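The values are calculated or read from the model by the stated rules, or taken from the named source; none is laboratory data. Remember, predicted model here, so these are calculated numbers, not experimental data. We place every Cβ from the backbone using ideal geometry, glycine too, and count neighbours over all the protein chains shown. Note: accessible area is taken over every heavy atom of the protein model, side chains too, but ligands, DNA and RNA are not part of it. Shrake-Rupley method; radii C 1.70, N 1.55, O 1.52, S 1.80 Å.
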Amino acid sequence: MTLTDSDLTESSPLAQLADRVAGPVHLPGTEEYLVAAMPWNVAVASFPAAVLEAETADDVVAAIRFANEHGLEVGVRATGHGAFEALENVLLLRTNRLDELTVHPEGWARVGAGVKWAQVIEAAAPYGLAPLAGSAPDVGVVGYLTGGGIGPLARTYGVSADYVRAIEVVTGDGELHRATATDNPALFWALRGGKGALGIITAIEFDLVRQPTIYGGALFFDGADTAAVMRTWAEWCLTLPEQATTSIAILRLPDAPFVPPPLAGRMSVTVRFVWTGDPAEGEQVFAPMAAVAAPIFGQVGVMPYTMIGLVHADPVDPMPVHEHAALLREFGPDTVDALLPLVGPAADCPQVIVEVRQLGGAVARFPENAGALSYRDSAYTFLTIGIKAGPGAEATVANAEQIGGALAPWSTGHAMPNWAPSGKPEDVARTYDRETLTRLVTLSATYDPKSVIRAARPMREALALSS
Ligand SMILES: Cc1cc2nc3c(=O)[nH]c(=O)nc-3n(C[C@H](O)[C@H](O)[C@H](O)COP(=O)(O)OP(=O)(O)OC[C@H]3O[C@@H](n4cnc5c(N)ncnc54)[C@H](O)[C@@H]3O)c2cc1C
């Protein structure tokens, strides 16, 4: 037992929890609590009843049983990249101490729930192996894989969760299970897409791919070239084979020291490209995009997989963000025409990033043993990211909705779970088809009869919304 907070008194029920666990329990009113409760997305108000930094899987079991006994809910957080609000009656489990990491040179890895992709990328590289990470290596492995995972190599290799071999999870009834395609197959299905609604994962095992290098990178063009770059990108996407994964983003980056000077304080548009095949062929395939205008920054070439984070160059430091995501069935000239007045160079757009990623290729294939991920046959995923702080916060949110509205003719009305934090039923309802949602809710009732897992509640309410 480790008590780090001076006001954790014997009379508090949470003091009894501290007696049952190895990791520290933090209560409101202490600096340790504030630090432990703070998510990466600092715009999300995060004030749980207490925070437990779980040291072992047994801590997770003890915490969930404690929550069952005391009428609490249990939430989970690794990095807080996908954090959500409303944690009043919630015992928040931080997984940062569950940090085991083993790479097996024959091609797979086992990691604890607190491990980030960057750590796996580095540990796998000496063997010429690569994990199918997302665009930001700072994101947690488990959080990412529970939402499917669509990364910078997605059109070649498909959804990252399809590479999961085994998951260890403590369900809402306080039982620890190991789930694979043959042991607890229903749980195994639900955890690969159902986010954290079925239980708290303690460790995960997944296959790596043999991809020591890629041909790829990003070119940045002046904002004035946005229309030409977007139109060319929309046509070019339709010609791409599965070895190519690409996205386009309109950027309005601040004039700050962490922003490369050519991009700081101005509007730009970037095309990201990853080619998993022969580099010479990749160069030819990318040539039409490289020629669309004179780049102001960036490069595309052969790079070690350890540099994959540079393709998107997502922000690393915690920040207050508002995200709005949608899946699109098409991204053609009409879509570009609808977007340009709102996000182009003449627009007063508060979004820092407006991004479109092409899906298709291997993403759209359903492997025999696929998990609970819906809508993988969508053509594109769309995302706005704006700063939700200060006097401009409301305008950022309203503008994101306006942009989303303008895309309505091409939107499927759905979103990937990784880009729709699972705290609100209306967000959860957008992420699953009815059959998947029904099956998830049925399993949730079996494994979490008292609805102790925080994310189970909005999932159950989402089913009512979708009927
Ligand atoms: C900059 C940035 C880039 C991104 N890039 C991509 C991308 O390329 N592709 C993509 O698919 N997504 C991407 N995402 C979305 C990201 O995958 C999700 O936000 C993911 O949930 C983050 O996981 P986390 O553990 O880091 O965050 P957290 O906020 O700690 O966790 C988010 C959620 O993951 C689940 N979760 C986390 N740990 C556990 C656990 N131990 N047991 C059960 N459930 C758990 C829970 O539902 C939790 O609420 C990106 C997000 C950001 C902010």
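Work through the residues other than ILE150 whose Cβ is under 15 Å from its Cβ and net out their charges, Lys, Arg +1 and Asp, Glu -1. Result for the neighbourhood of ILE150: +1. For the stretch 364-467, the gyration tensor built on C-alpha atoms gives an oblate shape. Its axis ratio a/c (a ≥ b ≥ c) is at least 1.5, and a/b is not larger than b/c. For the stretch 209-223, the Karplus equation 6.51 cos²θ - 1.76 cosθ + 1.60, evaluated at θ = phi - 60°, returns couplings of 10, 8, 8, x, 9, 9, 9, x, x, 8, 10, 10, 10, 4, x Hz by residue, with Gly and Pro reported as x. With every protein chain present, what is the per residue accessible area of the stretch 58-175 (1.4 Å probe, Å²)? Ligands and nucleic acids excluded, the result is 30 Å² per residue.
Decide, for the stretch 212-310, between rounded, prolate and oblate: order the square roots of the alpha carbon gyration tensor eigenvalues as a ≥ b ≥ c, take rounded if a/c falls under 1.5, and otherwise choose prolate if a/b is larger than b/c, else oblate. Numbers along the way, then the final one.
Numbers: a/c = 2.35, a/b = 1.32, b/c = 1.78.
Judged from the Cα gyration tensor, the stretch 212-310 comes out oblate (a/c at least 1.5, b/c at or above a/b).
Using just the C-alpha positions of the chain as equal point scatterers, what log10 of I(q)/I(0) does the Debye formula give at each q in 0.06, 0.07, 0.08 1/Å? Listed by q, the Debye log ratios stand at -0.25, -0.35, -0.46. Relative protection proxy for 298-307, 253-262, 355-364, from highest mean packing down: 355-364, 298-307, 253-262 (other beta-carbon atoms within 10 angstrom). Per residue of the chain, the DSSP helices (runs of n ≥ 4 H) give a summed -39500 (n - 2.57) that works out to -8500 deg cm²/dmol at 222 nm.
State the Cα centre-to-centre distance between the stretch 408-467 and the stretch 121-136 in whole Å. The stretch 408-467 and the stretch 121-136 have Cα centres separated by 31 Å.
When you count, for each residue, the other Cβ atoms within 10 Å and take the mean per peptide, how do 382-395, 412-425 rank with the highest first? Before the final figure, lay out each step's value.
Numbers: 382-395: 17.0, 412-425: 21.1.
In descending order of packing, they fall as 412-425, 382-395.
Bridging of LYS450 to lysines at a Cα separation below 26 Å is possible for LYS195, LYS424, once same-chain residues fewer than 8 apart are set aside.
Along the stretch 378-387 the Karplus relation, 6.51 cos²θ - 1.76 cosθ + 1.60 evaluated at θ = phi - 60°, assigns HN-Hα couplings of 5, 8, 9, 10, 10, 8, 10, 10, x, 7 Hz to successive residues, with x for each Gly and Pro. To test your reading of the geometry: what angle, between 0 and 90 degrees and rounded to tens, separates the Cα axis of helix 333-343 from the longest principal axis of the chain? For 333-343 against the chain, the angle is about 70 degrees.
Counting only alpha carbon atoms, the long axis of helix 279-290 and the longest principal axis of the chain meet at about 70°.
Counting only alpha carbon atoms, the long axis of helix 393-406 and the longest principal axis of the chain meet at about 60°.
Could you tell me whether the stretch 213-419 comes out rounded, prolate or oblate from its Cα gyration tensor? Rule is a ≥ b ≥ c as square roots of the eigenvalues, rounded for a/c under 1.5, then prolate if a/b exceeds b/c, otherwise oblate. It comes out rounded by the Cα gyration axes.
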